[in-house]
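The values are calculated or read from the model by the stated rules, or taken from the named source; none is laboratory data. In this text, all values refer to a predicted model and were calculated from it rather than measured experimentally. Heads up, the Cβs are rebuilt from the backbone with ideal geometry, glycines too, and the neighbour counts pull from every protein chain shown. Ligands, DNA and RNA are stripped out before the accessible areas are found, and what is left, the full protein with its side chains, is counted by its heavy atoms. Shrake-Rupley method; radii C 1.70, N 1.55, O 1.52, S 1.80 Å.
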Amino acid sequence: MLRSRLYLLAAAVLWSTAGAAVKLSTLSAWQLASGRSLIAALVLALAIPAGRRLPSRRGLAASVAYAVTVVSFIIANKLTTSANAIFLQDTAPLYVLLLSPLLLRERPSRSELAAVPVFLLGLSLFFLDQLNPGQFWGNMIALGSGLTFALCILGLRAVGDEGSSVLVWGNLIAGVSVLLPALEGPKPTPVDIGLLVFLGVFQLGMAYSLFQRGLRETPAVEASLLILLEPVLNPVWAFLFAGERPGPWALVGGTIILLATAWRTLLGGRAGNESPADKAPTHGST
């Protein structure tokens with residue numbers, strides 16, 4: 001059991017390095033998004049043989065949502081701070097809450113509905129800092145990546161055992177879809193190549209392999225709480241290695257979103273004690 005929890009924590013730590021690596025690279029967003037995903041697709045296909053199978057129609061839809069998520073997250077990191085990018089993407093549970101009745105026919109519980117205004121408060125604080133146009137559009141793209149990540153979560157819930165195929169093909173779709181603009185980017189330096197390999201092999205590929213291992217013996221609620229380490233560490237690495245300082249209101253808003261996510265996840269663990277009409281699924285984040 002301890003080993004499984006360590007797998008989850010290791011996955012969260014690897015995920016959290018994306019912001020700093022993106023800021024340190026001189027490559028364009030298209031180059032980073034394409035190269036990272038193509039390398040991750042190869043790593044996942046080698047590590048998880050079942051992921052090589054062609055997904056079903058529903059699995060393919062989830063793969064597309066995943067692809068949009070990972071590409072938009074890289075673009076957002078180039079246009080706004082790492083803290084804003086990761087915190088805004090972590091609004092995904094809010095969208096899952098709103099969309100699950102429509103897409104999964106599952107009505108949210110009272111505790112999940114109570115979390116909505118808290119999420120909205122934290123989200124609104126991101127826009128109180130003085131932002132230039134680039135940061136504004138970076139925030140909007142990051143917000144959109146939260147929505148597509150929610151669609152990916154809903155898709156993974158719907159396809160069940162096809163999850164590994166969704167990840168392999170989602171990364172393949174992401175890498176190929178932006179390959180043409182990626183070819184027109186600046187010439188990579190040795191540092192850029194090293195960062196790209198790190199992002200593909202470790203930050204995406206190995207992280208998802210560890211995540212799947214950890215989920216085998218760890219309850220979903222606890223796993224969701226453990227990987228909340230990712231958005232906490234992301235701006236820390238960006239500050240330490242890239243000297244990036246997030247705005248004060250972004251930090252306050254991000255803290256509120258994290259606390260609200262943890263609160264909702266904890267209460268979600270008690271869903272078994274609620275009446276069937278009030279039950280709703282427990283959602284994780286990445």
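Some notes on this structure:
- Computed lengthening from Leu121 to Leu103, 0.36 nm per intervening residue step minus Cα-Cα distance: 3.9 nm
- Segments 185-191, 165-171 sorted - mean Cβ within 10 Å per residue, highest first: 165-171, 185-191
- For segment 1-58, the solvent-accessible area with a 1.4 angstrom probe is 47 square angstrom per residue.
- Solvent-free Debye scattering, log10 I(q)/I(0), computed from the Cα coordinates of segment 37-78 at q = 0.14, 0.18, 0.19, 0.21 Å⁻¹: -0.39, -0.61, -0.67, -0.78
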